[in-house]
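Since the structure comes first, as structure tokens, the remarks are kept for the end.
Bear in mind that the values in this text are calculations on the coordinates, not laboratory data. Since we're looking at a predicted model, the values are computed, not measured. Cβ atoms come from the backbone with ideal geometry, glycine included; neighbour counts cover every protein chain shown.
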Amino acid sequence: MQAHDKVVTKKSILLAYQMLRCMPPFVDMRLPTTIETKVVHDLSMYGCFDEPNVITISTAKVWDVSQLVATIAHEMIHLHQFRLKVLDEEQPHDVFFMNCARDVCVHLGFDKEHF
Ligand SMILES: [Zn+2]
């Protein structure tokens, strides 16, 4: 596969982020227009968010568009938590996260069980 044929790239992460950012419920979170993106190959994760605005996707776990978009949506909630200063490193998937995740799944149709 050529480099430009890959589904998960720094560019595709940014474009998917920018698409999601314009859709409910993200549109109400007023997230930044641009972020930093990274691609890694790490079997221990799908993706991660790093302060202040970095979303990383792991090609070891994420290789199709639906996984890519769902993983970015997940990390965008962490970005939202960070911007509101309610991101707890010890407990990132707290009640606030779960409420946002439920909203995101209802609006965008992601599978709640695997989000
Ligand atoms: Zn998470």
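Taking the number of other C-beta atoms within 10 Å as the exposure measure, put Ile57, Ile13, Ile35 in order starting with the fewest. Walk me through the intermediate numbers first.
Numbers: Ile57 29, Ile13 25, Ile35 20.
The most exposed by this proxy come first: Ile35, Ile13, Ile57.
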FRET E, pair Asp5, Glu36, Förster distance 22 Å, beta-carbon r, rounded to 0.05 | 0.40
Taking placed amide H atoms and a strict 5 Å upper bound, the residues 5 or more places from Gly47 or on another chain that come that close are Ser58
Fraction of alpha-carbon pairs in the chain farther than 26 Å apart, rounded to whole percent, equals 12 percent
If unit charges are put on Cβ atoms (+1 for Lys and Arg, -1 for Asp and Glu) and the dipole of the chain is taken about its Cα centre, the option from Gln81, Ser58, Met19 lying farthest towards the positive end turns out to be Met19
Full-stretch length increase - Lys61, His114 - with 0.36 nm per residue and alpha-carbon distance subtracted = 17.8 nm
